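The values are calculated or read from the model by the stated rules, or taken from the named source; none is laboratory data. Predicted model, so just to flag it, every value in this text is computed and none were measured. Cβ atoms come from the backbone with ideal geometry, glycine included; neighbour counts cover every protein chain shown.
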Amino acid sequence: MDLGLKGQSVLITGGSQGIGLATARAFAAESCSLHLAARTEVDLRAARDSISADFGVEVTIYSLDLSLGANVEQLVNDCGDVDILVNNAGTIPGGTIEEINEERWRTAWELKVFGYINMMRECYRMMKSRGRGVIVNVIGNAGNQAPAEYAAGVSADAMLEVLTRTLGGDSLDHGIRVVGVSPGDLLNERGIMFLRRQAEEELGDTERWSERLAELPGGRAGTHAQKTRSEVSGGGRKPFAQKGSGRARAGTIRSPLWRSGGVTFASKNRDYSQKVNRKMYRNAISVILSELRRKDALVVVDKVELDSPKTKDLLAMTKSLGVDNALIVTENAAGNLALASRNLYNIAATDAAHVNPVALLRFEKVVMSEDSIRKLEESFV
């Protein structure tokens, strides 16, 4: 599909995974040059390498925190003349208005709300001087559904939707289109994470997350998969005589030329994971832990416990350990520890059963409890 975007410069925030990465790949297929911004450099590099290998386009990555206004200004200046901005960075914790304190609320809004505003302001100013440009805000549909257990997200989505309409009503006079996209529930990494959390809270088992799909429209979440001509409904015979009807020849109503036909180059879900032998996987973890120990980046404690799911309590604990960017590994990371860490980008928690080489390399330090080490040793036997 040729959308006439060849050579366009596209800036995508939150472009290292999920919707942002899928959007980047779609623009790469149109031969656009990409600028991807996100917090995690490891994920950005993986996205850049994958896109460059598959499409052969120029991909520039920027690892920075867009909740800071100075970083937004620096990013826009470094990217130069951007034709299309896709605002996609940001995640907001779930919870009612009573469960989310001011600190967590402000932290979430700094990226999802004020991050969007700052990006729009800087890019809008640049696009206005050129007389052209497109701004796409990936918002979400929580503002329309308004679930009480997602108070911070509902208010953020509603505000961004109104702001998008406000700016879009005036932007056309300057040759700029400002549009908003509100995707529903998606079966991507973040969507599955939310489903697992709901399954744990309501069913007591994270592995039963697929049962939550029954509550979604049609009993399924959205994916980026499209149907080819062999997958859509319709017969294989000619819909009408080849000659004498006065109409163009048609072999089947499943043809991409028909409104109900399949897509010529249909987008499909792809699994980018690679199988690694168990022995190689264990050796990788062993080598990484040894290197962390050599660099004094491995901190071993008796146990890791939190009395409450408050983020400030977790930050106080990590401060006492002398770490501010770390992966915390325990025998069971569910409960207060998982709730307290889910809103932090520089602190993450996992259990020994799910620790992996990528997670160990992602942070500056690794904090492990003694019971998690024993659990890890048992799995290596």
Report every pair of residues separated by at least 6 positions or lying on different chains whose Cβ atoms are under 8 Å apart, first residue within the range 29-45 and surrounded by fewer than 19 Cβ atoms within 10 Å (Cβ to Cβ), second in a helix (DSSP H, G or I).
ALA29/PHE55; SER31/PHE55; THR40/ARG362; VAL42/VAL358; VAL42/LEU361; VAL42/ARG362
Which one of GLN17, GLN8 is within 11 Å of the chain's Cα centre (by Cα) and surrounded by fewer than 21 Cβ atoms within 10 Å (Cβ to Cβ)?
GLN17
Conditions (1) touching a Pro at 6+ places or on another chain (Cβ under 7 Å); (2) loosely packed, with under 15 Cβ neighbours inside 10 Å; number of the one not met by ILE97:
(1)
Members of the range 329-345 that are under 15 Å from GLY204 (Cα atoms), aliphatic (A, V, I, L, M) and in contact with a strand residue (DSSP E or B) (Cβ under 7 Å, 6 or more places away or on another chain):
ALA333, ALA338
Filter the range 346-381 down to residues that are assigned to a strand (DSSP E or B), within 26 Å of the chain's Cα centre (by Cα) and hydrophobic (A, V, I, L, M, F, W, C), then give me how many there are.
5
Scanning the range 318-345 residue by residue, those surrounded by 18 or more Cβ atoms within 10 Å (Cβ to Cβ), among the polar types (S, T, N, Q), outside any helix (DSSP H, G or I) and within 25 Å of the chain's Cα centre (by Cα) turn out to be ASN343
For the range 209-224, indicate whether the set of residues that are of a type in the set (Ser, Thr, Tyr), in contact with a helix residue (DSSP H, G or I) (Cβ under 9 Å, 6 or more places away or on another chain) and at pLDDT 85 or above is non-empty.
no
Report yes if some residue within the range 278-289 is touching a residue at least 12 places away in the same chain (Cβ under 8 Å), basic (Lys, Arg) and in contact with a strand residue (DSSP E or B) (Cβ under 9 Å, 6 or more places away or on another chain); otherwise report no.
no
Tally of residues being surrounded by fewer than 20 Cβ atoms within 10 Å (Cβ to Cβ) and assigned to a loop (DSSP other than H, G, I, E, B) across the range 58-85
7
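Which one of GLY140, GLY133, GLY153, GLY169 is modelled with pLDDT under 90, under 29 Å from ASN77 (Cβ atoms), surrounded by 19 or more Cβ atoms within 10 Å (Cβ to Cβ) and not acidic (Asp, Glu)?
The conditions single out GLY140.
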Test TYR150 against the stated conditions and say whether it is closer than 20 Å to VAL10 by Cβ, aromatic (Phe, Trp, Tyr) and under 23 Å from the mean Cα position of the chain (by Cα).
no
